[in-house]
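Student: Just passing along the structure, written as structure tokens.
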Amino acid sequence: MAAAVAIIAALTYPAAASKPIASTFDTDDEGWKVIADFPIGGPYGKPLRTFECRHNREGGNPAGCVSMADPSDFIFCFQAPQAYLGDKGAYVGGTLSFDLKCDYSNYEDANLLILLGKEEDKELVLVAQFAIPPKADEWTSRRVALTPGSFRYDSKDGAPVSDADFRAIMGNIRGIWISGEFGTQVAETTALDNVRLARPAEQACCAWLGLFGVWWVIFIIILIILFALVLAALSRQRKKRAASPPQNADQH
Ligand SMILES: [Ca+2]
């Protein structure tokens, strides 16, 4: 049995150790805020106002989510909490994914993911574009590859980002902002759910798990436990036989 426990621990430890940074908003806003009033087209480096997100216990994808009603004519973004910031060099080549839902979607210029960082004394703002939610009131999943090719300097029309600058930012992320601005009028409410920062290895693992589902892992664990129980029963039987005197000896 001890061997089975060790095998299970060995199987489950890597998954726990490499647990992705994720927000599913089951019980609260998990530290996410909203920042607002960026001019359309940028610059995006300095928000004017900060708001609390609204946490919704239902209506997410599934369960809870956070949302924000457009506060102004300008662009507003969901701001990631501290867990997503700092040294994330191990996530270069991974992805940032998230689900968005918007009740009024007719603005196609602010579908932005903004990364903030610093290279030596220079403040850097990197901007990636993601596909806009195609229909109002439907959850859509978006995924941005964490590679230099996904980003531009300062705005969606900026210059391509160098590998050195991208690695410098990922080594000390100071801000991750996901735009919620999808309406030309001050009318829309945008919701966010299932944010996930994944390393390259975690993506491969998830794709593999996706093929078989989590039940496959549970099945393997049950098999290991059954195998351990059979081994323990056989071992007990062997010990019992060894302890009993041979039958022939009784007949003499
Ligand atoms: Ca959720």
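The values are calculated or read from the model by the stated rules, or taken from the named source; none is laboratory data. Since this is a predicted model, take the numbers as computed values, not measurements. Neighbour counts run over all protein chains shown; Cβ positions are idealised from the backbone, glycine included.
Student: Looking only at segment 42-79, which residues are more than 16 Å from the ligand (Cβ to nearest atom) and part of a loop (DSSP other than H, G, I, E, B)?
Tutor: If we filter segment 42-79 for residues that are more than 16 Å from the ligand (Cβ to nearest atom), which is where we start, we get 42-52, 69-77, 79.
Within segment 42-79, 42, 43, 44, 45, 46, 47, 48, 70, 71, 72, 73, 74 qualify.
Student: Which is in contact with a Gly (Cβ under 7 Å, 6 or more places away or on another chain) and not aliphatic (A, V, I, L, M), of 140, 147?
Tutor: 147
Student: Considering 80, 136, 145, 131, which residue is assigned by TED's automatic domain parsing to the domain that holds residue 191 and either more than 25 Å from residue 165 (Cα to Cα) or touching a Leu at 6+ places or on another chain (Cβ under 7 Å) (or both)? Steps first, answer last, please.
Tutor: On the way: 80 fails: either more than 25 Å from residue 165 (Cα to Cα) or touching a Leu at 6+ places or on another chain (Cβ under 7 Å) (or both); 145 fails: either more than 25 Å from residue 165 (Cα to Cα) or touching a Leu at 6+ places or on another chain (Cβ under 7 Å) (or both); 131 fails: either more than 25 Å from residue 165 (Cα to Cα) or touching a Leu at 6+ places or on another chain (Cβ under 7 Å) (or both).
Going through 80, 136, 145, 131 in turn, just one is assigned by TED's automatic domain parsing to the domain that holds residue 191 and either more than 25 Å from residue 165 (Cα to Cα) or touching a Leu at 6+ places or on another chain (Cβ under 7 Å) (or both): 136.
Here's the yes/no breakdown for (1) within 22 Å of the chain's Cα centre (by Cα); (2) at negative phi; (3) surrounded by fewer than 19 Cβ atoms within 10 Å (Cβ to Cβ):
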{"residue": "89", "(1), (2), (3)": "yes, yes, yes"}
{"residue": "99", "(1), (2), (3)": "yes, yes, no"}
{"residue": "106", "(1), (2), (3)": "no, yes, yes"}
{"residue": "111", "(1), (2), (3)": "yes, yes, no"}
{"residue": "115", "(1), (2), (3)": "yes, yes, no"}
{"residue": "123", "(1), (2), (3)": "no, yes, yes"}
{"residue": "135", "(1), (2), (3)": "no, yes, yes"}
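Student: Still on this model: Are there any pairs with C-beta distances below 8 angstrom linking a residue in segment 32-46 that is touching a residue at least 40 places away in the same chain (Cβ under 8 Å) and closer than 13 Å to residue 69 by Cα to a residue that is of a type in the set (S, T, N, Q) and assigned to a loop (DSSP other than H, G, I, E, B), with the two at least 6 apart or on different chains, and if so which?
Tutor: From segment 32-46, the pairs are 36/72.
Student: Next question, about the same structure. Among the numbered criteria (1) assigned to a loop (DSSP other than H, G, I, E, B); (2) out of contact with any Cys (no Cβ under 8 Å at 6 or more places or on another chain); (3) away from the ligand (no atom under 16 Å from the Cβ); (4) without any contact (Cβ under 8 Å) to a residue 60 or more places away in the chain, which single criterion is violated by residue 107?
Tutor: (4)
Student: For segment 122-226, which strands (runs of 3 or more DSSP E) that fit wholly inside it have 3 or more residues that are modelled with pLDDT under 95 and over 26 Å from residue 28 (Cα atoms)?
Tutor: Details: elements: 122-129, 140-145, 151-153, 175-179, 189-198.
Qualifying strands (runs of 3 or more DSSP E): 122-129.
Student: Here is a check on your reading of the model: is residue 83 closer than 17 Å to residue 22 by Cα, in contact with a Lys or Arg (Cβ under 6 Å, 6 or more places away or on another chain) and not in a loop (DSSP other than H, G, I, E, B)? Can you show your working first?
Tutor: Working: closer than 17 Å to residue 22 by Cα: yes; in contact with a Lys or Arg (Cβ under 6 Å, 6 or more places away or on another chain): no; not in a loop (DSSP other than H, G, I, E, B): yes.
Criteria not met by residue 83.
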